[in-house]
Each structure stands twice: as structure tokens, then as C-alpha cells.
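All remarks here apply to the structure that follows.
Nothing in this text is a laboratory measurement; each read-out follows from the coordinates by a stated rule. Just so we're clear, the structure is a prediction, and the values are computed from it rather than from any experiment. Backbone-built Cβ (ideal geometry, glycine too); neighbour counts: all protein chains shown.
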Amino acid sequence: MIPEEVHSEVRKLRELIQYYNKLYYSENRSEITDGEYDALLRRLIMLESQWPELQTEDSPSRRVGSEPVAGFPPIRWNPPMLSLDNVFSDEEFQEFNGRIMRELDLDSTPVYSVEPKLDGLAIALIYRDGLLISAGTRGDGTEGEDITPNARTVHSIPLRLTRPFPGTLIVRGEVIFRKDDFKRMNQNRTKEDLNPFVNPRNAASGSLRQLDSRITASRPLSFISYGTAEWPDGTTSQSDLFLLLDSLGIPVSPLNSVCESIEEVKTAFEKLEDLRDSLPFEIDGVVIKLNEASLQQKIGIQSRFPRWAAAWKFKAEEVVTRLLDINIQVGRTGRLTPVASLEPVFVGGVTVSSATLHNEDELLKKDARLGDMVIVRRAGDVIPEVVRSLGRPSEEERGQRFEFPDRCPVCGGPIARPEGEAVHRCMNPSCPARLRESIFHWASRDALDIEGLGRKLARQLVETGFVNDISDLYHLSRQQLSSMERMGEKSAENLIKELQKSRSTNLQRFITGLGIPGVGRTIAGLLADRFSTIKDIMEAEAEDFIDIDGIGPVLAENLHTFFHEPVTLGVVERLLQAGFNPENKHTHNSEKPLDGMTVVFTGGISMSRSNARNIAEEAGATVTGSVSSKTDLIVAGPFAGSKLQKARELGIEIIDEEEFLRRL
Ligand code: IVH
């Protein structure tokens, strides 16, 4: 029995801490010293560890972080967390509007929700019966990382909704650093002799993905939501949704607006662009969404993008710096790119010391010469580029025009510029630069995600002759690796483990890694959705590819050639011999007894709800709190009420707990 005084002290402590949190995080002030606040929190943690029965999921003690974890478990998103298509100008926005009007057969411009495009890290929060139970990053959209302990440390994420909300609510939004918090954190880091973070977005992503949530807790992150996975009952528009979220204590942006004409959207865009620098957090554009839920549902999605929304990006920031040199880089497809090396300059959130000049034509047009002052631009994740040359500040004589080489600067092999194309390519398939880039690409995050295999190591592997194509990576020995420069026994061992782990990759990553021209992660995803195994893709005809929405005839031909060309086909075959058997995730899941089913639990069942949910999800199901036409299965226990009634009306299959367990 817990003494009543303990109960009441814990209650009082929680109230006080929540009160001080609110003052601090919402009103930016404090009535007690940091030391006094820490003492309250420590006392609460002490009492909760002495009386574990008193621990709750929403206690403010949960915000301080906990022991580090070994890695983040995967978390699956169904419906997937989508990405946004971009528009870059007034005209492109009007085209977007025109397409929507045509497809929805509308006579006038629909109502749009116009929101700031927050520049942080996308996450989703799962609330069950009002309590935060999990949180995860977006990842590739269908699978992210479960970062629940870290999300709990973010003070603007409510651990419990401020109003009752039965059932499940999946809130989506962005974790960001407010500019003032970011500045203060960097000042403190500098005082403590730590490196300051370069920009809020990268810092937010890094902070939320710490294995030790106590580190996340020490970083002043914020959260702003912009949607939910499904429309909660009673909400019929984006603006309704924001009101609901706000009333549940979930932060939404005060800058969201509803626009009823093209003019209003444009004005909202311009207003936010003007306000950009003075806003408390970073934004890189606006997001325009059809406001009505019914219209969103009608127009639907296309591959990874909703057709009812677009991001209208602000113009990229431009700065002036000096051009120091021009070098030719050789990419994995043999493409030669002139790259400017620059006097370092801070632009678009990072320090840039090199920027692309794209190709020979662009280089000639811009007439950029060594020593010139040039305009450089960078937007978000986009590669920095030289926009134009300003020549020299004074009348000094300008440098020579840059002469484009006539042989590959890496292997000395022949180069060609295919007719009608703007790029030159090295024609030597075993050019070491091409090979190095293919290895680097294979190991990159969107592909096989092999930690420790960067450009430097890729170069060494090529130079030593240990790797002649990517399949050779899987025959490397520990001795070979540890014989290389800057590679200790431990790193060699880790790399072998990483390579071993990568053998069980899925089909999308495998295809991405092959580096087929024109095939990035998105197209690879489309292929993985359509075909079950790599063998099916290898045997497909060009027409089979054209059938896929999002793949045109040129790409289809490329794909077909890639899988029939002896050199590239040989690499794929050797990878398969090395133990790869990439399959679509769905194929795996179809072995799961409840794959793809939406399940609702109701009434009294003997195991805990969270246990039941975990088991069902393991078996491939999505568990929801309310019954709808989308529900496939009801697991009902004694005293089930209205949900059971509704399920009967809708003709949904109803089973009891025993049958549920039997099916598993
Ligand atoms: S809607 C359903 N709304 O932008 C479409 N996304 O480029 C996707 N983002 O992954 C979400 N502000 O992380 C939406 N007001 C906003 C947003 C927003 C920022 C991010 C989000 C998404 C990315 C796509």
C-alpha cells in the first residue's frame, strides 16, 4: 500500500512541474531558479522509482530521457507518410490549380489551406485514448525509426492530450529548433568548448535521433503539427483539423491560413516570404493543400505524393564569392561535371566551398573564369550551383577561358557527348572514378545504407584493386580490409558486419543501389511495389515497365537495357550469387497472418490492450480504435458495446480472443 502522503506529494510535484514547464516553454519566464526546478524533478523521480506503481506515461519525469538504447526499432506507417511535389513559380502554382480543377471537375478555384513549410524533421505521434504511446520518424515513408523516448523529451509534444480523445489519433508534424533556442544552445555549446551546430534543421534531425534520450532532453526542440494520418470523426477540412488539434493541446502554426482564390494564395505566399527572416522558426516555402477533406480523398495520391497538395518553395538564397578553381568530376554513369571550387561562403544554412557548373554549355554561357566573383545559390538539400559570373571587381585582366578536356581526367579514356545531350561522358566502363562512385552510391543511405563505407574508402578499394565491381565488396576478407591505410582491425570487423547485414536488404534499396540511370529511390519504390522479386524485374519486358504509373518509355527502355546488357547484368547476377535475395516487403508480410488487415479490439479481453495491439501489429495488422467500413476484423470480448453493434451492421467479421490467438 502506498501511503496517502506519497500519493498526494507526487500529485503536487507533477502539478508544480507542469506549471513551471508551461511558464517556461509557453511564456518564456520562470518563477523559480533552475536549481529549485531540478530539485522538484529529482524528488519526483526518486518517489516514482521508490513506488513504481505510481509511474505513469504522462508524468513530467518522462521528459528527462532514459538509458541509451542499442538502436531504434522500426515503426511502420500505414497509410504511408508522403512527400510533397514542388512548384517553383506563380505559373506552376496556376498549373497545379488548373489540374485540380480539371480533375475534380470544378467551375471555380477551390478553397486552399496555405501553411508555412516548416524546415525540420517529419515525425508522427501515436496517441491512444489521449495518451502518447509511440512516436517515429518518417524514414522512407512506410517505415521509420521508433524514437518514442526521444519524442517524450520535447516539451511541446503533449504526453497526454488536454481533452479526452477515445481511440487512436496519429498526429503528423515537424520537429524543429526555434531560432532563439538554437542560438542560445549554440552559445552554450561554444562556452563548453563544443562545436556549434551548423543549422537548425540538421541539428533537429541529429538531436531527435540520439540513442541516448537524455541527450535529446538537453536540446530545446519544438514540435508543430500539420496533419493527421486519418480524418478524425467530425473534421471535414484542413482548417477544422487545425482547430481540433489546437483544442487537444497539440501545437499548430499560427501562420496557417485559408485562401479562397488564386490571388489570396499568392498574397499568402508573398506575405510569408516577406516575414521569413523575422519568424521565430525557419521555413523554406509554403504548403498549399486542398482544404476540403472530401476533395482530398477524391483526388487521391500518386506514388509518393498527394495530388491535393504542393510545396511552393521560396527562391533560394544567393551570395557572392570568389571562384578559385574549376575541376572536372566523373560520376558513376561516366558523366563529367565541371565543379567550381570557391572561397568558402555561408549560404542556405551551410558553408559551401564547391558548387556545380553543370556542363560545358552552362560553363561557356556563364563564362566563369578563375579569380572571378560569382553568384552562388543553394536551397535546402539541393547541390549548390554557380548562377552567374560577375567578372572581376576591378578592371584587372580576367583569367583564361576554361578548356573542357577531351579525355577523361581520371582514366585518360575517351569521352563522348551523345547527340542532343548537354553532357560529356567517360566511355570507359572500368574507369576508376565511375567504379568509386558506384560503390559509394551502393553504400549510401537510400540504397544499402552501409555505415563506414564512404568515398575515401571506396577510392582505396578501387586503387588497391580489391573491388572491380560492387559484387566484389561481398568477397572482401578481414585481412584485405585491415591491410588498408587508416583501417584498424575493429573498423574492418565492423565493415564486414555491415556488409553481411546489407545482404538482407529489401527490393527497393537493392534497385536504388544498382544506380540504373534515371532510377532513384522513388522509381525503385514503384518497381518494388509492382514486382515481387529481382528475378521478376530481370525477366520483364520494356512494356511491363511502361505499365507502371510514373515510368515513361525512355526509362522503361533504360531498365530493360540495364538488365540485358552483359556487364550490368553480370554484376546483378554476381550479387545474387553472393547471397542477395531481395524481395518486396509486402511479400514477406503476406506470410503474416493478419497482413494488411485493419483490426479493432473491443470489450474485455484478458491481455492488455497494448499487448494485443503489439501482437496484431507484429502479425501485419493495423489496429484502430473505431469501427468503420475500412475495418476488416473485430476481436470482441465480453461486454462489447456500440463498436460490436456497428461491426454487425457493417457485416464485419467478428471473432473472440481465443480465435484471434489461434489465427496467429
Ligand atoms: S503535409 C501529405 N504540411 O515537408 C504531404 N508537410 O517535402 C506531406 N512539411 O515530409 C505532409 N511543413 O516533413 C505538410 N505544412 C506542412 C509542412 C510539411 C513542412 C514537410 C514534411 C514533409 C515534407 C515534404
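Counting Lys +1, Arg +1, Asp -1, Glu -1, what net charge surrounds residue 451 among other residues with beta carbon under 12 Å of its beta carbon? Net charge in that neighbourhood comes out at +1.
A viscosity of 0.692 mPa s and a temperature of 37 °C, combined with the Kirkwood radius over Cα pairs in Stokes-Einstein, give a translational diffusion coefficient for region 605-664 of 275 µm²/s.
Measuring against 18 Å, Cα to Cα, the residue pairs 117/271; 266/298; 298/646 contain 266/298; 298/646 as the ones spanning a longer distance.
Taking the convex hull of the Cα atoms, report for region 71-116 its projected area averaged over all directions, in nm². It would help to have the intermediate numbers written out before the result.
Details: hull surface 22.5 nm².
If I average the Cα hull's projected area over directions, I get 5.6 nm².
Counting Lys and Arg as +1 and Asp and Glu as -1, what is the net charge of the other residues whose Cβ lies under 13 Å from the Cβ of residue 411? In short, +2. Applying the criteria of a DSSP loop state and at most 15 other Cβ atoms within 10 Å to the trypsin sites (Lys or Arg not before Pro) of region 439-482 yields 445.
Placing +1 at every Lys and Arg Cβ and -1 at every Asp and Glu Cβ, with all other atoms neutral, what dipole size does the chain have around its Cα centre, in debye to the nearest 20?
Charge dipole, the chain, about its Cα centre: 1420 debye, nearest 20.
The alpha carbon centroids of region 251-307 and region 27-77 are separated by 36 Å.
Just how far, in whole angstrom, is region 561-575 from region 106-149 if you go by their alpha carbon centroids? Centre-to-centre (Cα) distance: 40 Å.
Amide H to amide H distances under 5 Å link residue 450 with 444, where only residues 5 or more positions off or on other chains count and H is placed in the peptide plane.
Temperature 20 °C, viscosity 1.002 mPa s: under these conditions the Stokes-Einstein estimate for the chain, based on its Kirkwood radius over C-alpha pairs, is 75 µm² per second. Within the shell defined by Cβ-Cβ distances under 14 Å, the residues around residue 129 carry a net charge of +4, with Lys and Arg each +1 and Asp and Glu each -1. Only helical runs count toward this figure. For the chain, summing -39,500 (n - 2.57) over DSSP H runs of n ≥ 4 and dividing by all residues gives -11000 deg cm²/dmol at 222 nm.
Would you list 226, 20 from fewest to most Cβ contacts within 10 Å? Going from sparsest to densest Cβ surroundings: 20, 226. What separates the Cα centres of region 160-208 and region 502-555 is a distance of 36 Å.
Cysteines of the chain lacking any other cysteine Cβ under 4.7 Å from their own Cβ: 259. One quarter of the surface of the convex hull around the alpha-carbon atoms of region 1-76 equals 7.3 nm², the direction-averaged projected area. Near the amide H of residue 134, within less than 5 Å, lie the amide hydrogens of 126, all on another chain or at least 5 residues away, with H placed in the peptide plane.
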